[in-house]
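See below for the structure under consideration.
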Amino acid sequence: MAKTNPGRFFEDYSIGQVIEHAVPRTVSGGERALYHALYPARHALYSSDAFAQACGLPASPIDDLAAFHVVFGKTVPDVSLNAVANLGYAEGRWLKPVYAGDTLRSSSEVIGLKQNSNGKTGVVYVRTTGTNQRGETVMEYCRWVMVRKNDLDAPAPETVLPDLKTVLASEDLVIPDGLSFEGYDFTLSGEPHRWGDYEVGETIDHVDGVTIEEAEHMMATRLWQNTAKVHFDATFRPDGQRLIYGGHVISMARALSFNGLANAQMIVGLNGGAHANPCFSGDTVKAWSEVLDKADTAAPGVGAIRLRLVATKGGAPFELRGEDGKYKPEVLLDLDYWALMPR
Amino acid sequence: MAKTNPGRFFEDYSIGQVIEHAVPRTVSGGERALYHALYPARHALYSSDAFAQACGLPASPIDDLAAFHVVFGKTVPDVSLNAVANLGYAEGRWLKPVYAGDTLRSSSEVIGLKQNSNGKTGVVYVRTTGTNQRGETVMEYCRWVMVRKNDLDAPAPETVLPDLKTVLASEDLVIPDGLSFEGYDFTLSGEPHRWGDYEVGETIDHVDGVTIEEAEHMMATRLWQNTAKVHFDATFRPDGQRLIYGGHVISMARALSFNGLANAQMIVGLNGGAHANPCFSGDTVKAWSEVLDKADTAAPGVGAIRLRLVATKGGAPFELRGEDGKYKPEVLLDLDYWALMPR
Amino acid sequence: MAKTNPGRFFEDYSIGQVIEHAVPRTVSGGERALYHALYPARHALYSSDAFAQACGLPASPIDDLAAFHVVFGKTVPDVSLNAVANLGYAEGRWLKPVYAGDTLRSSSEVIGLKQNSNGKTGVVYVRTTGTNQRGETVMEYCRWVMVRKNDLDAPAPETVLPDLKTVLASEDLVIPDGLSFEGYDFTLSGEPHRWGDYEVGETIDHVDGVTIEEAEHMMATRLWQNTAKVHFDATFRPDGQRLIYGGHVISMARALSFNGLANAQMIVGLNGGAHANPCFSGDTVKAWSEVLDKADTAAPGVGAIRLRLVATKGGAPFELRGEDGKYKPEVLLDLDYWALMPR
């Protein structure tokens, strides 16, 4: 028993600590195909080598969110095995596309600590970096989680709160080398709407819905080697329900957003995100988006668009919070990200 | 909302109109592996590179029905999003095998229109063509669907009924370049029965059955990027059931037909097909076949066999229609196709 | 009906008979990705090309158990279609790693026969060999099953019981060419525990559990082209339950054993195994291990460890048999294997 991983507790973290996460992963066409089987993903840049090549890339990359899930999954045994709550994300940036054949690894630096006043839990902030086999950073993001203390007598660490941007500036976004949307084919991409057609404040109901099955969310979560018991073991929670990995809801909502945002091709920035309510098998996930901002980029024909992506289980679109200011019970996800779109 | 795709209505089609369908797709070993995970597919030519090479092909192709599903899936947002019924298929031909690495796209030409006497719906006939990254046509088929009118005041178009063959002649079939069954290995293929062993009128009960699960049919249908809501959203139909994509039943039945038709290797022609009754999760699909015709081909050692493939949910084999002439309620599929078999 | 495979009955086997099994199979990154989606597999050598290359291999192989399943699956139509019980395994050896692009086939030699005293069934012993496209043996194992007689009047064959080792000696184990654990990265592999840290008699509770779903075990079993009806057809057993392929439980337990045995990288020997009780959808599979033996190998930095791997559905760990000497009802699997581990 001593040989199994009990996970880290709040007192096991210290500012500046760097954790190299285990189990590097080589991705292939298999991961790409499974992503298309698990989500209704249709963005053309991630579906067709020929389309990606026409946009200046060497081939169609693995979906940006799949790259995120692979990087994230490795952190679970070290960061969130004893987490009580997944509190937030910030400063997420995709820096290099990931292609079939790439091998990814992850490391996290502890950048913030704050013990809660109850003395039983604390908040840990990490900056996680995903690296490919050439040592290039493919993505990075900050995440903070509430973690239990194991030794309640361990002294509280000095409180350090990282100074995180609530929104990435468009200058912070990294455009993949060679990307050009000048020859973009709006017929093949599926919609005629370009960057100039979207207005800040505009909302889009993505209309479609998917009813979630146990087998699917477990296959997805395992594919990213995320080991959190709560997703797999129906005997783990008192109610006998498996909690669905929040990333499964993110990928589902993003894929559903194709219908109305087919040209929001690449995700390059993650400003923030909240898993507003838990998702369970049998829930029917729908999605809506709001245009939060727009910006130019230096790449030919490429604009940036900042979007709020909201996943719900039923409920009317465009309603996020109740009168009490809290997320409505049917809201599953509230995500704030930057994508690249043809101008 | 204006940005999402409402689909086309009957009055939106006109004779000669060509619709280029969105979202090209590159297939890989991932799609092949998923096909084997989703269906009990065992035909050796689609399982083994070495077997395919011994038959004169460069490698094992993607299953012919997988190629069909990819081509078909792209047409759904443009052809059948507002379809009331999927009425029929004709003149389906596989013209080039599809290999890992190929990128497929589809286009459809409207070849027939007939408004129904109720004025609320009409039948649209299209000829769909799938093309690879070299611009080669990999397959084509005709399909007709009943589509709703949105504007009931729109004038009825002139009725045009295409002249479609009810059965492809053996001369219409295209044999893949280089295909030879002269060195065919009947041990590795799984059965000793060759073309000469089948007689017109012979029936085969394929014996095996598979009970269908929601997660599987949804993964299959998503893999082909088929977006029809009715397959995914349990809240869409009043009965809370997800209708299973008819193509899932076709692939399941074809895979089950291995047991008795292991050497009916390649599908080269689709004469017609009817989805006789809807299929739902929990149904146990079984299959039987009837030999309808046989023909020679010019390729070495290669014969053509025309087969009726019937999928049922329970029920006795070889019973297709009741006394009223209608499909019996347990019949799911009645398909008429040409396959290639070693002589 | 005459054309479908009825399977072999006990009287159809004879000593020395060699059965070439049908349907060779080419594996790719797709099979690898599906293995990661279906099981919580995290052993680094099978996850990362870079990690495998640092251990002296050309790339990350397909999981050893996936190779076993592919070889085993082909034998089902010839060996166990009419089996009443899967009685045991012995002398299993992995001789060459299997890589993406390899094509596998299988053959079996009948090495033992014993008719049961009831005259209705008999035990058939086979030695099965898996071969790649270069004719190299990739694995071999012995297996014995109880098979029904079809013709009860068929004479009983002379009883031949093969002389099978109950445990492979460490000298029998084959270490892959070039394998070296001298530069082994214990951070990337996920645990610090090396060969010298395990003691014979030590037990490890692997803690994690996975609740099994119908869609998952069917996809896994189909992926290996295992055609046994009982896994797929809910109408086949009187209780309406699909029996889960024993190999699915083996792979699930092995993957769960990562937590405590992350460095037991390669499986090279299978001494024996019993499917103690049937497994059904809804069962939550957990696992524990016991160190049975340890041995040196000639490869640099590589030790061998003999492990008992036990899968249970609930129940306390480390309890295998009741007072009656029989497996406790919650025990699913009792497997005895050799793995390679860094010294």
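The values are calculated or read from the model by the stated rules, or taken from the named source; none is laboratory data. Nothing here was measured: the structure is a model prediction, and the numbers come from that model. Cβ placement follows ideal geometry from the backbone for every residue including glycine, while neighbour counts extend to all protein chains displayed. Please note that ligands, DNA and RNA were not included when accessible areas were found on the heavy atoms of the full protein model with its side chains. Shrake-Rupley method; radii C 1.70, N 1.55, O 1.52, S 1.80 Å.
Among the residues of region B:233-247, not one is free of Cβ contacts under 8 Å to residues at least 40 places away in the same chain and outside any loop (DSSP other than H, G, I, E, B). For region B:61-85, residues that are touching a His at 6+ places or on another chain (Cβ under 6 Å) and open to solvent by 20 Å² or more (accessible area, probe 1.4 Å) total 1. Conditions first: (1) open to solvent by less than 30 Å² (accessible area, probe 1.4 Å); (2) over 30 Å from residue B:258 (Cβ atoms). Residue C:186 passes all but one, so which condition is the exception? Condition not satisfied by residue C:186: (1).
Of the residues A:301, A:315, which single one is in contact with an Asp or Glu (Cβ under 6 Å, 6 or more places away or on another chain), in contact (Cβ under 8 Å) with a residue 40 or more places away in the chain and open to solvent by 10 Å² or more (accessible area, probe 1.4 Å)?
It is A:301.
Results for (1) more than 26 Å from residue A:80 (Cβ to Cβ); (2) basic (Lys, Arg); (3) modelled with pLDDT of 95 or more, shown as yes or no for each residue.
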{"position": "A:236", "(1), (2), (3)": "no, no, no"}
{"position": "A:252", "(1), (2), (3)": "no, no, yes"}
{"position": "A:265", "(1), (2), (3)": "yes, no, yes"}
{"position": "A:271", "(1), (2), (3)": "no, no, yes"}
{"position": "A:285", "(1), (2), (3)": "no, no, yes"}
{"position": "A:330", "(1), (2), (3)": "no, no, yes"}
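The set of residues in region A:46-59 that are within 7 Å of chain B (Cβ to nearest Cβ) and either within 18 Å of the chain's Cα centre (by Cα) or part of a helix (DSSP H, G or I) (or both) comprises A:49, A:50, A:51. Hey, does region A:204-212 have a residue that's in contact (Cβ under 8 Å) with a residue 24 or more places away in the chain and more than 27 Å from residue B:79 (Cα to Cα)? Checked against the condition, which is being in contact (Cβ under 8 Å) with a residue 24 or more places away in the chain and more than 27 Å from residue B:79 (Cα to Cα), region A:204-212 yields no hits at all. Tell me, please, whether a residue that is within 14 Å of chain C (Cβ to nearest Cβ) and part of a helix (DSSP H, G or I) can be found in region B:163-186. Yes; the residues of region B:163-186 include at least one that is within 14 Å of chain C (Cβ to nearest Cβ) and part of a helix (DSSP H, G or I). Considering only region C:197-208, state which residues are in a loop (DSSP other than H, G, I, E, B) and either within 17 Å of residue C:334 (Cα to Cα) or of a type in the set (A, V, I, L, M, F, W, C) (or both). Listed by number, the residues that qualify are C:200, C:201, C:202, C:206, C:207. Only residues that are of a type outside the set (Phe, Trp, Tyr) and farther than 21 Å from residue C:68 by Cα were counted in region C:278-291, giving 7.
Of everything in region B:33-45 that is within 21 Å of residue B:73 (Cα to Cα) and in a helix (DSSP H, G or I), the residue that is nearest to the other protein chains (Cβ to nearest Cβ) is B:33. Starting from residues that are touching a residue at least 40 places away in the same chain (Cβ under 8 Å) and open to solvent by 20 Å² or more (accessible area, probe 1.4 Å), keep the ones in region A:1-11 and report whichever is nearest to the other protein chains (Cβ to nearest Cβ). Going through the qualifying residues, I end up with A:5. When we screen C:253, C:264 for residues that are part of a loop (DSSP other than H, G, I, E, B), closer than 30 Å to residue C:76 by Cβ and under 17 Å from the mean Cα position of the chain (by Cα), the only hit is C:264. Scanning region A:209-224 for residues that are open to solvent by 10 Å² or more (accessible area, probe 1.4 Å) and part of a helix (DSSP H, G or I) returns a single hit, A:214.
When A:96, A:74 are checked against the criterion of being among the basic types (Lys, Arg) and either without any contact (Cβ under 8 Å) to a residue 12 or more places away in the chain or in a helix (DSSP H, G or I) (or both), A:74 stands alone in meeting it. Contact annotation: residue pairs with Cβ atoms under 7 Å, 6 or more positions apart or on different chains, pairing a residue in region A:270-282 that is part of a loop (DSSP other than H, G, I, E, B) with a partner that is of a type in the set (Asp, Glu) and open to solvent by 30 Å² or more (accessible area, probe 1.4 Å), are A:281/A:213; A:281/A:214. In region B:77-93, the residue that is modelled with the lowest pLDDT out of those that are under 19 Å from residue B:220 (Cβ atoms) and assigned to a strand (DSSP E or B) is B:86. Whether a residue is β-branched (Val, Ile, Thr), buried (at least 23 other Cβ atoms within 10 Å of the Cβ), modelled with pLDDT of 95 or more and not assigned by TED's automatic domain parsing to the domain that holds residue C:271 was assessed, and residue C:98 passes this test. Quick check on residue B:227: is it within 15 Å of the chain's Cα centre (by Cα) and within 12 Å of chain A (Cβ to nearest Cβ)? Answer is no for this residue. For region B:17-32, what are the residues that are of a type in the set (Asp, Glu) and either more than 8 Å from chain A (Cβ to nearest Cβ) or buried (at least 24 other Cβ atoms within 10 Å of the Cβ) (or both)? Across region B:17-32, the qualifying residue is only B:31. The residue list C:190, C:196 contains one member that is over 19 Å from the mean Cα position of the chain (by Cα), modelled with pLDDT of 95 or more and facing chain A (nearest Cβ under 9 Å), which is C:190. Each residue in region A:291-315 was checked for being within 14 Å of chain B (Cβ to nearest Cβ) and under 23 Å from residue A:178 (Cβ atoms), and 1 pass.
The lone criterion from (1) aromatic (Phe, Trp, Tyr); (2) over 17 Å from the mean Cα position of the chain (by Cα); (3) within 14 Å of chain A (Cβ to nearest Cβ) left unmet by residue C:288 is number (2).
Yes or no, residue by residue, for (1) open to solvent by 20 Å² or more (accessible area, probe 1.4 Å); (2) under 20 Å from residue B:43 (Cα atoms); (3) not assigned by TED's automatic domain parsing to the domain that holds residue B:318:
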residue: B:103; (1), (2), (3): no, no, yes
residue: B:128; (1), (2), (3): no, no, yes
residue: B:134; (1), (2), (3): yes, no, yes
residue: B:144; (1), (2), (3): yes, no, yes
residue: B:176; (1), (2), (3): no, yes, yes
residue: B:196; (1), (2), (3): yes, yes, no
residue: B:200; (1), (2), (3): yes, no, no
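Would you mind stating whether residue C:118 is more than 23 Å from the chain's Cα centre (by Cα), open to solvent by 50 Å² or more (accessible area, probe 1.4 Å) and in contact (Cβ under 8 Å) with a residue 60 or more places away in the chain? So residue C:118 does not fit the description; no.
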